[in-house]
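> Here it is: the structure, laid out below.
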Amino acid sequence: MAWDFTTDPEFQEKLDWIDEFVKNEVEPLDLAFSSHLVYDRTHEIHRTIIPPLQEQVKKQGLWACHLGPDLGGLGFGQLKLALMNEILGRSSFAPMVFGCQAPDSGNAEILAHYGTDEQKAKYLQPLLDGKIVSCYSMTEPQAGSDPQEFKCRVTRDGDEYVIDGEKWFSSNFRYASFAIVMAVSDPDVPVYQGTSMMLVPTDTPGIEIIRNVGLGNEKAGEGSHAYVRYNQVRVPAENLLGGEGQAFAIAQTRLGGGRIHHAMRTVGSCQRALDMMCERALSRVTQGEVLAKKQMVQEKIADSYIQLAQFRLMVMHAAWTLDQVGSKTGRMEIAMVKVLTPQVLHDIVYRALHIHGSLGTSNEMPLMGMWAMMPVMGIADGPTEVHKVTVARQVLKSYKPSEGMFPSAHLPPRIEAARKKFADLLEHEVAQH
Ligand SMILES: Cc1cc2nc3c(=O)[nH]c(=O)nc-3n(C[C@H](O)[C@H](O)[C@H](O)COP(=O)(O)OP(=O)(O)OC[C@H]3O[C@@H](n4cnc5c(N)ncnc54)[C@H](O)[C@@H]3O)c2cc1C
């Protein structure tokens, strides 16, 4: 009997340390600096403030925990990472201080799995040391969730590969030292077998940032999601990651983890919103009593608590599944939490915001900013609909069509069969009445 919902006491001590450290040392960074600076390694804070914090994390043995010991992490696995990410999710800077920020964490994972020794030395090691940041360049302006529409091409030319085409929403390209670019290498086979992954230093000639697209609340030009054109960009043949045509097989390693890490951090954001909601409900007086005494407010608190508990259990279960079977077999569990993430974030943050009234809508509380993450969670790493399709397809695999015209649950034939089964008893009962 192995169902167990407890945390090891030794790991709980680590979580308590993380909680205090993030509260006292990391969250102030969010209050003092723009979240863009998380990735901008040219900024002063990356020389002065952040390295000593990262040192403390390393001393505690908590650096880059998603990676195995051979790569400088502790190989904690997804379950422990889920518990950590619930805390790190409170702060934009925290994942970077702990060496597990997206997209670098996912990029490091695929480099670790598929990189050659030279690629690991050149790209992975500085990434693990926190010296550089990286970018993942897959989505195109005309196509995101359907790779069959991808047009960016990569062709072999002697000792080099030539990349030509456009990419869209390549996050942090402006701060990255290299990008992992997915491009079609063989248009004559299905895209899932004809796409390759290339390691491309961002200072390679031919790269043009058309513009840095911002999210809705950012000023034009201040965004960090690049619209990039690769104009006949040449890289050495050894910059191919894995083999030709393997991009989607490799991407699965990366996207699975990335999706669930967003969900883990969202558990933390929702908990934070619930904390704010409860504190406000106990503090604000209207019509002679605190809001917490109003049944409609109690309903909001109860619904939020229940929803968060359900979501958290699903995230933990998905993390556990990944630890047992890997992200390929666990794709349905990942898809389920991916679908739930924006929904739960929306519901809980909206209720918290609403209970705060005008203050909740203001720029003096973090709630509007947290709420604005909701549509992002529904789109980034694939839209909700696509993940629902994954869930439905997996669910349907264990079913088959009914044999006759009527469903197998149709009552008349089942009642007839049951009556036959108990015919002796039923006849005896009729005879007695
Ligand atoms: C904040 C953020 C960061 C990102 N960072 C990166 C990055 O670093 N690198 C990168 O390569 N990409 C990145 N992306 C892009 C992201 O992966 C894509 O936005 C996503 O895959 C969806 O593609 P799309 O935007 O082209 O939407 P589309 O594919 O055009 O989909 C738009 C809508 O169409 C509907 N739809 C699509 N498919 C289906 C379907 N099968 N059934 C029913 N309805 C459907 C859905 O309503 C969907 O929301 C990022 C996106 C965001 C928001």
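The values are calculated or read from the model by the stated rules, or taken from the named source; none is laboratory data. Keep in mind the model is a prediction, meaning the values are calculated, not measured. Backbone-built Cβ (ideal geometry, glycine too); neighbour counts: all protein chains shown.
> Given the conditions (1) part of a helix (DSSP H, G or I); (2) surrounded by 14 or more Cβ atoms within 10 Å (Cβ to Cβ), which single one is not true for Gln324?
Checking Gln324 against (1) part of a helix (DSSP H, G or I); (2) surrounded by 14 or more Cβ atoms within 10 Å (Cβ to Cβ), the one that fails is (2).
> Then there's this: Out of Asp30, Asp40, I need the residue that is assigned to a loop (DSSP other than H, G, I, E, B) and among the charged types (D, E, K, R). Which one? Please lay out each step first, then the result.
Numbers: Asp30 fails: assigned to a loop (DSSP other than H, G, I, E, B).
On inspection, the qualifying residue turns out to be Asp40.
> Among the residues of the range 129-148, which ones are of a type in the set (Gly, Ala, Ser) and buried (at least 20 other Cβ atoms within 10 Å of the Cβ)? Spell out how you get there, then give the answer.
As a first pass, look at the range 129-148 and keep what is of a type in the set (Gly, Ala, Ser): 130, 134, 137, 143-145.
Of everything in the range 129-148, those that are of a type in the set (Gly, Ala, Ser) and buried (at least 20 other Cβ atoms within 10 Å of the Cβ) turn out to be Gly130, Ser134, Ser137.
> Going by the structure shown, is Ala102 in a loop (DSSP other than H, G, I, E, B), within 16 Å of the ligand (Cβ to nearest atom) and either closer than 18 Å to Leu37 by Cβ or among the hydrophobic types (A, V, I, L, M, F, W, C) (or both)?
Criteria met by Ala102.
> So, in the range 375-414, exactly how many residues are farther than 30 Å from Gly257 by Cβ and small (Gly, Ala, Ser)?
As a first pass, look at the range 375-414 and keep what is farther than 30 Å from Gly257 by Cβ: 400-414.
After this cut, where a residue has to be small (Gly, Ala, Ser) as well, the list is 402, 404, 408-409.
Of the residues in that region, 4 qualify.
> Is the range 290-306 home to any residue that is in contact with a Gly (Cβ under 9 Å, 6 or more places away or on another chain), touching a residue at least 40 places away in the same chain (Cβ under 8 Å) and either within 14 Å of Asp347 (Cβ to Cβ) or assigned to a strand (DSSP E or B) (or both)?
Going through the range 290-306, the residues in contact with a Gly (Cβ under 9 Å, 6 or more places away or on another chain) turn out to be none.
Scanning the range 290-306, I find no residue that is in contact with a Gly (Cβ under 9 Å, 6 or more places away or on another chain), touching a residue at least 40 places away in the same chain (Cβ under 8 Å) and either within 14 Å of Asp347 (Cβ to Cβ) or assigned to a strand (DSSP E or B) (or both), so the answer is no.
> Still on this structure: In the list Ala102, Ala64, which residue meets the criterion of being touching a Gly at 6+ places or on another chain (Cβ under 6 Å), under 29 Å from Glu222 (Cβ atoms) and not assigned by TED's automatic domain parsing to the domain that holds Ala273?
Ala102
> Say whether the condition of being within 15 Å of the chain's Cα centre (by Cα) and surrounded by 13 or more Cβ atoms within 10 Å (Cβ to Cβ) is met by at least one residue in the range 295-313. Step through it out loud before you land on a result.
As a first pass, look at the range 295-313 and keep what is within 15 Å of the chain's Cα centre (by Cα): 311-312.
Cutting the leftovers down to surrounded by 13 or more Cβ atoms within 10 Å (Cβ to Cβ) gives us 311-312.
The answer is yes; a qualifying residue exists.
> Sticking with this one: Identify, by number, the condition in (1) touching a strand residue (DSSP E or B) at 6+ places or on another chain (Cβ under 9 Å); (2) of a type outside the set (Val, Ile, Thr); (3) touching a residue at least 40 places away in the same chain (Cβ under 8 Å) that Glu140 doesn't meet.
Failing condition for Glu140: (3).
> Let me ask something additional. Restricting the search to the range 366-395, which residues are outside any loop (DSSP other than H, G, I, E, B), near the ligand (Cβ under 7 Å from one of its atoms) and farther than 27 Å from His354 by Cβ?
Selection gives Glu385, Val386, Val389.
> For residues that are among the β-branched types (Val, Ile, Thr) and surrounded by 10 or more Cβ atoms within 10 Å (Cβ to Cβ), tally how many sit in the range 397-432.
1
> For the range 1-33, what are the residues that are closer than 26 Å to Met365 by Cα and of a type in the set (Asp, Glu)?
Answer for the range 1-33, where residues must be closer than 26 Å to Met365 by Cα and of a type in the set (Asp, Glu): Asp16, Asp19, Glu20, Glu25, Glu27, Asp30.
> For Arg234, are the conditions met, namely being in contact (Cβ under 8 Å) with a residue 40 or more places away in the chain, in a strand (DSSP E or B) and surrounded by fewer than 21 Cβ atoms within 10 Å (Cβ to Cβ)?
yes
For every residue, the table says whether it meets (1) among the hydroxyl-bearing types (Ser, Thr, Tyr); (2) within 25 Å of the chain's Cα centre (by Cα); (3) more than 15 Å from the ligand (Cβ to nearest atom); (4) at positive phi.
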site	(1), (2), (3), (4)
Pro141	no, yes, no, no
Asp164	no, no, yes, no
Phe169	no, yes, no, yes
Met182	no, yes, no, no
Ser185	yes, no, yes, no
Thr202	yes, yes, no, no
Ile209	no, no, no, no
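> Can we say Glu218 is out of contact with any helix residue (DSSP H, G or I) (no Cβ under 8 Å at 6 or more places or on another chain), under 14 Å from Val154 (Cβ atoms), not in a helix (DSSP H, G or I) and not basic (Lys, Arg)? Reasoning before the result, please.
Working: out of contact with any helix residue (DSSP H, G or I) (no Cβ under 8 Å at 6 or more places or on another chain): yes; under 14 Å from Val154 (Cβ atoms): no; not in a helix (DSSP H, G or I): yes; not basic (Lys, Arg): yes.
When the stated conditions are applied, Glu218 does not pass them.
> So, in the range 145-162, of the ones that are without any contact (Cβ under 8 Å) to a residue 40 or more places away in the chain and assigned to a strand (DSSP E or B), which residue ends up farthest from the ligand (Cβ to nearest atom)?
Residue satisfying both the conditions and the ranking: Thr155.
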